[in-house]
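Report on the following structure.
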Amino acid sequence: MPLATPGLANAFLLLFAASLADFATPLILAGNSLPVLPTEAYLQITGMFDLKGGAVLSLLLLVPAALVYVAQRYIVERRSYVTVTGKGGRPSQHDAMVPWLVWALTLLCLMVVLFVFYLYGLLLYASIVRAFGANNTPTLANYRVVFTEGMPAIKDTLIIALIGMPLGGLYGVVVGYLVSRVRFPGRQAMEVVSMINYALPGTIVGIAYLIAFNSKPLVLTGTAAIIIACYVFRYSPSGIRTTVALLQQIDRSIEEASFSLGAGSFTTFRRVILPLILPAFFAGLGVVFIRSMTAISATIFLVSIGWTLITVRILENMTELSLGPAAAFSVFVIAVVLVVTSFLNLVLRRATTPVALPVTVGR
């Protein structure tokens with residue numbers, strides 16, 4: 001547990017920021033019964049057309065986000081967590097966990113998995129009946145809507161997600177490496193700014209992008225580029241924080257050895273550091289792809305006639321009380337996400353599995 005502190009602290013920071021800025025979940029599940037700042041800011045802007053009032057409500061979220069960020073930095077930087085060094089030695093032996101703890105953790109994980117599958121099962125059932133809770137006659141009409149009327153949204157969403165995924169993964173690793181290993185003026189400011197975009201409500205981020213890129217010199221409004229840029233810079237902090245957590249467990253002597261052998265900074269990063277932080281790169285790929293398929297709060301203001309998203313179609317169906325097509329769209333998104341993330345996990349396992357080289361014995 002002590003050695004896992006960087007990962008736990010960074011995970012807590014990401015989850016806290018995501019919960020703080022979540023817009024769609026409380027809007028759909030709670031409505032007006034549980035007002036939270038992101039939904040109130042959205043209603044202030046779209047319902048009362050008060051952009052300044054919505055911006056003020058959103059900026060209030062920066063206070064708890066900043067406090068948690070400072071606390072996370074204070075906890076992590078108090079001690080060293082290096083576990084990967086450049087020194088050779090006999091691997092240490094660790095006792096296995098006691099049996100009751102193994103069973104307790106297994107039971108806890110099993111309960112969570114069963115609950116998730118229960119929700120997915122309800123969603124699947126709602127997608128194959130005419131009216132969930134009213135008319136349970138089996139039908140495939142909802143999926144016909146998805147693969148006819150919904151094809152433009154599916155095509156646009158997949159194009160945007162597949163372009164943003166590698167860009168977001170690479171951006172997260174590079175920024176994480178810079179804020180962890182490179183000393184330069186403004187390094188901490190870069191780290192803070194990268195988290196602000198993640199902590200702010202998506203509605204405000206979307207409006208900010210809309211205002212910033214609606215006039216010269218860089219006009220991106222109405223194009224796929226503005227949605228991709230929003231996804232890359234908003235959801236890459238997951239890769240950034242994972243990279244930071246991994247680099248805090250890698251001794252600098254490994255890089256120093258590379259420099260002493262004549263390798264430059266880029267070669268050291270590519271040949272030495274990148275293989276060690278490969279899980280962070282793939283984590284960034286997965287998160288950016290998942291969020292590109294499921295996010296709505298930041299991009300609801302950025303979609304246009306030329307480019308639309310599956311999540312926008314789901315929200316439209318929910319507002320029209322068309323639960324069947326919304327559930328069918330959701331099942332499609334879940335299936336695509338499962339396929340892509342499974343593929344990424346397979347590639348990561350193969351990339352990180354040591355290859356046994358044949359040994360030739362000669363004279």
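Any read-out appearing in this document is the output of simple, stated calculations on the displayed coordinates, not a laboratory observation. Quantities reported herein were computed from a predicted structural model and do not represent experimental measurements. Positions of Cβ are generated from backbone atoms using ideal geometry, with glycine treated the same way; all protein chains shown enter the neighbour counts.
Loop-located chymotrypsin sites (Phe, Trp or Tyr not before Pro) across region 134-232 with a Cβ neighbour count of 15 or fewer within 10 Å are F147, with loop assigned by DSSP.
Magnitude of the charge dipole for the chain, about its Cα centre and with charges confined to Cβ atoms of Lys, Arg (+1) and Asp, Glu (-1), is about 1100 debye. Seen from T157, the other residues with C-beta closer than 15 Å to its C-beta sum to a net charge of 0, counting Lys and Arg as +1 and Asp and Glu as -1. Please compute the net charge surrounding S292, taking Lys and Arg as +1 and Asp and Glu as -1 over other residues with Cβ under 14 Å from its Cβ. Here the charged neighbours net out to +2. Within the listed set Q249, Q188, Q72, the Gaussian network model of the chain (springs between alpha-carbon atoms below 10 Å) gives the highest mean-square fluctuation for Q188.
Restricting the calculation to Cα atoms, the chain shows an Rg/Rh of 1.01 when the hydrodynamic-style radius is the Kirkwood one. Quick one: helix 224-235 against the long Cα principal axis of the chain, what's the angle to the nearest 10°, folded into 0 to 90? Compared with the principal axis, the helix lies near 50 degrees. The relative contact order of the chain, computed from alpha carbon pairs under 8 Å that lie at least 6 residues apart in sequence, is 25 percent. Along the chain, the exposed loop sites are GluC sites (Glu not before Pro) outside DSSP states H, G, I, E and B with at most 14 other Cβ atoms within 10 Å, and the longest stretch free of them is 150-319. Amide hydrogen proximity for V129: with H placed 1.01 Å from N in the peptide plane, the residues at 5 or more positions away or on another chain lying under 5 Å are T139.
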